[in-house]
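Read through the structure below, which is laid out as structure tokens, and then see the notes.
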Amino acid sequence: QVQLVESGGGLVQTGGSLRLSCASSIRISSIRTMGWYRQAPGKQRELVAIITHDGNINVGDFVKGRVTIARDNAKNTVFLQMNDLEPEDTGRYYCNVVTELRTYWGPGTQVTISS
């Protein structure tokens with residue numbers, strides 16, 4: 001059974017930082033992209049950042065300059081470093097893995113930014 005284990009969410013003040021991690025049990029050779037999406041209350045899920053199997057990165061416009069995404073292939077884990085967080089960044093952050101055959105989602109980790 002495929003598992004995506006997310007960690008690192010929490011409550012921080014405006015201007016603070018968080019580092020999210022997502023460990024995947026999916027065979028790494030089948031992974032095309034790994035990354036993160038977020039969903040704020042009452043809004044659609046939106047891209048935060050993804051990284052392809054060969055290292056190409058795509059970042060959502062609203063977080064450009066404030067996030068860094070990286071993969072550790074040895075640990076089959078993707079990391080999202082978020083800095084200078086704002087209350088508008090509050091939401092549930094979901095790990096996303098795309099393979100040749102399908103897309104997988106983690107259960108999500110809550111990120112709350114206090115003003």
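The values are calculated or read from the model by the stated rules, or taken from the named source; none is laboratory data. A quick note: this is a predicted structure, and the numbers were derived from the prediction, not measured. Note that each Cβ is placed from the backbone with ideal geometry, even for glycine, and that neighbours are counted across all protein chains shown. Please note that ligands, DNA and RNA were not included when accessible areas were found on the heavy atoms of the full protein model with its side chains. Shrake-Rupley method; radii C 1.70, N 1.55, O 1.52, S 1.80 Å.
No other residue among Val67, Val78 is under 12 Å from the mean Cα position of the chain (by Cα) and within 19 Å of Leu11 (Cα to Cα) apart from Val67.
Against the list (1) among the aliphatic types (A, V, I, L, M); (2) open to solvent by less than 60 Å² (accessible area, probe 1.4 Å); (3) farther than 14 Å from Val97 by Cα; (4) in a loop (DSSP other than H, G, I, E, B), the condition Val12 fails is (4). Taken over segment 70-104, residues that are among the hydrophobic types (A, V, I, L, M, F, W, C), under 18 Å from Glu6 (Cα atoms) and either open to solvent by less than 10 Å² (accessible area, probe 1.4 Å) or touching a Lys or Arg at 6+ places or on another chain (Cβ under 9 Å) (or both) amount to 7.
All told, Ser29 meets the bar of being polar (S, T, N, Q) and assigned to a helix (DSSP H, G or I). Remark: pairs (first residue in segment 41-53, assigned to a loop (DSSP other than H, G, I, E, B); second residue of a type outside the set (A, V, I, L, M, F, W, C) and open to solvent by 40 Å² or more (accessible area, probe 1.4 Å); Cβ separation under 6 Å; 6+ apart in sequence or on different chains) = Arg45/Tyr37; Arg45/Gln39; His53/Arg32.
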